[in-house]
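The values are calculated or read from the model by the stated rules, or taken from the named source; none is laboratory data. These numbers were taken from a predicted model, which means no experiment stands behind them. Virtual Cβ from ideal backbone geometry, glycine too; neighbours counted across all protein chains shown.
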Amino acid sequence: MNRTLESIRFDQSKSESSEYLKLIDSTIDPLSVTTDIVRDNKMIGCLKQLGLVWEKLGQSTSVRSQQTQQLRAKLIEIVERIKIEQKQLLERMFLDRENLREELSRLTEGLRRKSINISQNLSLIEQNKLLREEIESLSRIKNERLMRLNEIRAKMIEVSWEENVCTSLNVDCVTPQLETDIPSEEELENYQKRFEELDAKLAMKKNRFNSLNDSIQKLCKQIDFVPRTESESNLFGADPKKFIYSEKNMFELSNFYIKITQRYNSLYKEMEQSFERLRNLWNRLDIDPIEQQQFQSKLNIIITQPPTSRLWIDNREKKIDR
């Protein structure tokens with residue numbers, strides 16, 4: 001918030017007050033200004049011409065003295081007006097400097113940087129110029145960081161961070177805390193890293209889930225698997241959109257896949273053994289190879305492929321027993 005000149009004067013230290021008074025009092029050097037005016041040829045010429053006019057008019061000494069006093073009064077009035085304007089300008093510049101200092105202080109505090117030291121020997125114009133340049137530089141840094149922060153937050157909104165990422169992973173959705181309104185480079189990196197790590201973790205788990213789920217569905221179909229427990233039912237018919245990709249659930253899904261794979265391998269081994277028995281019977285009975293081939297085709301037996309169902313094994317064993 002901009003401060004008034006009165007509040008500045010009230011808050012200033014003695015050194016600052018002295019500086020202000022010194023600036024005000026030394027704004028105009030009377031000797032220097034007077035000398036410049038007296039030595040000004042144009043001014044001297046005008047005064048001489050004015051004196052000649054008065055002489056030609058035949059004005060008396062008293063009239064000349066009166067007009068000289070009027071001229072002096074007008075000059076003083078003009079100088080006084082200029083002096084007031086310049087003092088007001090000086091006050092505004094002094095006030096501007098204090099406001100610039102405050103703004104710079106807020107920026108350096110927000111960015112956690114040290115403030116620059118500006119020599120008091122410089123003029124107010126030079127001091128204010130340096131302050132503005134530093135504020136402009138720090139403002140660019142501030143805006144760039146806030147823009148990066150907003151970009152990260154926009155991505156989080158785009159992917160429904162809390163709902164799709166944190167909830168799906170069953171993890172705490174708290175993001176790194178910022179010490180000030182302006183994030184540091186380290187805080188931005190941590191913010192970005194937190195988002196990217198969880199997003200990548202979710203993508204990896206989704207890929208793992210899809211791979212396991214596809215394999216489970218294929219294996220279960222081939223062995224005519226029927227879930228026996230609620231847990232098996234949940235895993236067998238897991239919905240990718242509703243599945244919680246927690247470590248516990250992924251572990252259970254992996255175990256379920258191992259269980260189904262073991263069941264599948266057991267049945268496949270059983271099929272191989274049964275087929276070997278069947279082939280021995282064919283050899284002992286001298287079954288014609290063509291007839292064997294027809295029989296295999298009828299039962300859809302391809303020795304290089306796994307069984308398609310538990311029912312196939314049951315039917316095959318019945319044929320062998322017969």
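Given the criteria of a type outside the set (Ser, Thr, Tyr), closer than 16 Å to SER184 by Cβ, assigned to a helix (DSSP H, G or I) and modelled with pLDDT of 90 or more, does LEU107 qualify? Taking the combined requirement at face value, the residue satisfies it.
Residue count for the range 203-230 satisfying the condition of being assigned to a helix (DSSP H, G or I) and without any contact (Cβ under 8 Å) to a residue 24 or more places away in the chain: 9. Look at the range 253-270: where a residue is assigned by TED's automatic domain parsing to the domain that holds VAL226 and a partner is charged (D, E, K, R), sitting 6+ places away or on another chain with Cβ atoms under 8 Å, you get PHE256/GLU232; LEU267/ARG310.
Taking every residue in the range 110-128 that is closer than 30 Å to ARG145 by Cα and pairing it with any residue that is among the acidic types (Asp, Glu) and surrounded by 12 or more Cβ atoms within 10 Å (Cβ to Cβ), at least 6 positions away or on another chain, the pairs with Cβ-Cβ distances below 6 Å are ILE116/GLU134; ASN128/ASP96. Contact map, the range 67-79: residues that are without any contact (Cβ under 8 Å) to a residue 40 or more places away in the chain paired with residues that are among the aromatic types (Phe, Trp, Tyr) and in a helix (DSSP H, G or I), Cβ distance under 8 Å, separation 6+ or inter-chain. Pairs shown: GLN67/TRP54.
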